[in-house]
Structures are given as structure tokens and as C-alpha cells.
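Engineer: Sharing a structure here in C-alpha cells format.
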Amino acid sequence: MNSEVMAQIVALYDRIDTETAAFQAATGLNCPPGCGKCCENPEVEATVLEMMPLALELWRTGEAAGYLERLSSLNSPASCLCYRSDPVVPGNGRCSVYPWRPTLCRLFAFATVKNKLGNPELAACIRQKQTIPDQVEGAKMAIASGMSAPNFGEIADAVANIDPSLGSDRFPINHALKQALQRVGLLAHLTLGEQNGDCVA
Ligand code: SF4
Ligand code: SF4
């Protein structure tokens, strides 16, 4: 994992954020304040590549070992370990690693999928449909009229193109984070060994 690959994934995150912000501003589509319902879903997925910036950050801040311990004790599908649920309001909560979240977390509710005819359609969030149905309908119509919004398939291809070996296969988010943490830890160990003149082969 070289710094060029890392810069490319971070640049992709910036591009997604810019495009989703423009789409939100143009349509009024947003999330209810405090909502974190989608983070409770144990089926959130990411590639290992997308979790590498977060893994680097957790090693840098000294939190990696604690995360690895908690990740190793998970024995069934679970919500993302980075999620902090609101103890008072069910369905509310926050992402504790917001700047480092992977593509699905950046795109969800503000991106399109291709329909059977190959045309983009908003992949709307059920909570938005319940709470702001007019904005959801307005956003759908805007897309049908040609407004651009990020597309899940196109972003997945962009991730895979950055590094096919780590950016193609998707895993449950906790599994992807564990692999990324282990990979960053191993690379740091090997680099340290080389600097000390150890045999690391
Ligand atoms: S995408 Fe949907 S579930 Fe997730 S925070 Fe927004 S409204 Fe809530
Ligand atoms: S990384 Fe953040 S936004 Fe994504 S599922 Fe985890 S807590 Fe939610």
C-alpha cells in the first residue's frame, strides 16, 4: 500500500462528498437530525481498501489494538464497531470515525443505482421516505430529468480501479476494518524490521 494509492482513495472520498453535497443542496434531501439508523444495519459493507485510511488513523492514534481485540471477539454479524448509538433516542447515534468512513456510508441515500433500462434512479432510504416524502419524490424527479448524482456502480468501479486486489471484494464493515488494521500493522512491522536490519522475509 503506497502513499499514492492512499491519496487516490482520499481524493475519491472528497469527490463523493462534493457531489453528494451539491445533490443535497439542489434537492433539499437530507437526514433527520441525529439519525443513525443505517449504521445499525449489520449488512453495511466495504472493501479493505476503503478501510485503509481509517486503519492508518487508528494505528496513529493508538486505538488499533483495542479495535482489533473487540473485532476478534465478534462471532456473529454485528453493527459497525465505530457506531455510537444514542442511549436515549432509538435509531439515533453518530459515526465516531466520520472523516474516514467508507464509500457506502458517504453515498447511502444520496446516490443512484441503474434500473432495468440502464437509467439512474435514486436509491432512497426508507427513513427519508417516511419523514420527508416530498423531498424524496422531488429528488427522484430531478434525477429523471437529468440531474446528476453519484452512482453506486460507478464509485465501486473507481475503488476497484485504484487497487483491484484490495478494492474489488466487499466484506461486512467490521470484517473489512479488521483486515485493514491487520494489514497496516503488518506493513508497519515489516518496515520497522527493515529499518533495524532484521530479516523479514
Ligand atoms: S440515510 Fe436514512 S437511516 Fe441513514 S442517517 Fe440518513 S435518514 Fe437516517
Ligand atoms: S463507518 Fe461510520 S457511517 Fe459507516 S457504518 Fe460505521 S459508524 Fe456508520
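The values are calculated or read from the model by the stated rules, or taken from the named source; none is laboratory data. Bear in mind that the values here come from a model prediction, so they are computed numbers and not experimental data. For neighbour counting, all protein chains shown are included, and Cβ atoms are generated from backbone atoms with ideal geometry for every residue, glycine included.
Engineer: Restricting the first residue to the range 16-41 and requiring it to be over 25 Å from residue 89 (Cβ atoms), which pairs with a second residue that is within 15 Å of ligand 2 (Cβ to nearest atom) and outside any helix (DSSP H, G or I) meet a Cβ separation below 8 Å and a spacing of at least six or different chains?
Structural biologist: Note: pairs meeting the criteria are 23/110.
Engineer: Taking residue 110, is it within 16 Å of ligand 1 (Cβ to nearest atom), part of a helix (DSSP H, G or I) and at pLDDT 95 or above?
Structural biologist: Details: within 16 Å of ligand 1 (Cβ to nearest atom): yes; part of a helix (DSSP H, G or I): no; at pLDDT 95 or above: yes.
Considered against the rule, which asks whether it is within 16 Å of ligand 1 (Cβ to nearest atom), part of a helix (DSSP H, G or I) and at pLDDT 95 or above, residue 110 comes out as no.
Engineer: Is there a residue being part of a helix (DSSP H, G or I), under 26 Å from the mean Cα position of the chain (by Cα), on the phi < 0 side of the Ramachandran plot and modelled with pLDDT under 95 anywhere in the range 187-200?
Structural biologist: Scanning the range 187-200 turns up at least one residue that is part of a helix (DSSP H, G or I), under 26 Å from the mean Cα position of the chain (by Cα), on the phi < 0 side of the Ramachandran plot and modelled with pLDDT under 95.
Engineer: Within the range 67-97, how many residues turn out to be more than 15 Å from residue 175 (Cα to Cα) and of a type outside the set (A, V, I, L, M)?
Structural biologist: Of the residues in the range 67-97, 11 are more than 15 Å from residue 175 (Cα to Cα) and of a type outside the set (A, V, I, L, M).
Engineer: If you don't mind, there's one more thing I want to ask. Say we look at the range 35-92 and pick out the residues that are within 29 Å of residue 157 (Cβ to Cβ) and of a type in the set (Val, Ile, Thr); which of these is farthest from ligand 1 (Cβ to nearest atom)?
Structural biologist: The selected residue is 48.
Engineer: Looking at (1) within 23 Å of residue 26 (Cα to Cα); (2) touching a Lys or Arg at 6+ places or on another chain (Cβ under 8 Å); (3) not hydroxyl-bearing (Ser, Thr, Tyr), which is the one condition that is false for residue 119?
Structural biologist: Just one mismatch for residue 119, condition (2).
Engineer: May I pose another question? Going residue by residue through the range 46-54, is there one that turns out to be under 13 Å from the mean Cα position of the chain (by Cα), over 18 Å from residue 13 (Cβ atoms) and in a strand (DSSP E or B)? Steps first, answer last, please.
Structural biologist: Taking the range 46-54 and keeping what is under 13 Å from the mean Cα position of the chain (by Cα), we get 46-54.
From the residues that got through so far, the ones that are over 18 Å from residue 13 (Cβ atoms) too are none.
No; the residues of the range 46-54 include none that is under 13 Å from the mean Cα position of the chain (by Cα), over 18 Å from residue 13 (Cβ atoms) and in a strand (DSSP E or B).
Engineer: Now for a different question. Among the listed residues 34, 62, 66, identify the single one that is farther than 23 Å from residue 183 by Cβ, over 15 Å from the mean Cα position of the chain (by Cα) and surrounded by fewer than 15 Cβ atoms within 10 Å (Cβ to Cβ).
Structural biologist: Unique residue meeting the criteria: 34.
Engineer: Here is a follow-up. I'm trying to understand the selection: among the residues of the range 85-100, which are surrounded by fewer than 13 Cβ atoms within 10 Å (Cβ to Cβ) and not hydroxyl-bearing (Ser, Thr, Tyr)?
Structural biologist: Passing the criteria: 87, 88, 89, 90, 99.
Engineer: Given (1) surrounded by fewer than 13 Cβ atoms within 10 Å (Cβ to Cβ); (2) out of contact with any helix residue (DSSP H, G or I) (no Cβ under 7 Å at 6 or more places or on another chain), identify the lone condition not met by residue 104.
Structural biologist: Of the numbered conditions (1) surrounded by fewer than 13 Cβ atoms within 10 Å (Cβ to Cβ); (2) out of contact with any helix residue (DSSP H, G or I) (no Cβ under 7 Å at 6 or more places or on another chain), the odd one out for residue 104 is (1).
Engineer: From the list 97, 88, which one is free of Cβ contacts under 8 Å to residues at least 12 places away in the same chain and of a type in the set (A, V, I, L, M, F, W, C)?
Structural biologist: Working: 97 fails: free of Cβ contacts under 8 Å to residues at least 12 places away in the same chain.
When all the criteria are applied, what remains is 88.
Engineer: In the range 103-135, what count of residues is obtained for those that are of a type in the set (Val, Ile, Thr), in contact with a strand residue (DSSP E or B) (Cβ under 8 Å, 6 or more places away or on another chain) and either free of Cβ contacts under 8 Å to residues at least 12 places away in the same chain or within 16 Å of ligand 2 (Cβ to nearest atom) (or both)?
Structural biologist: So the count comes out to 1.
Engineer: Which condition from (1) in contact (Cβ under 8 Å) with a residue 24 or more places away in the chain; (2) within 24 Å of residue 36 (Cβ to Cβ); (3) in a helix (DSSP H, G or I); (4) of a type in the set (Gly, Ala, Ser) is the one that residue 66 breaks?
Structural biologist: (1)
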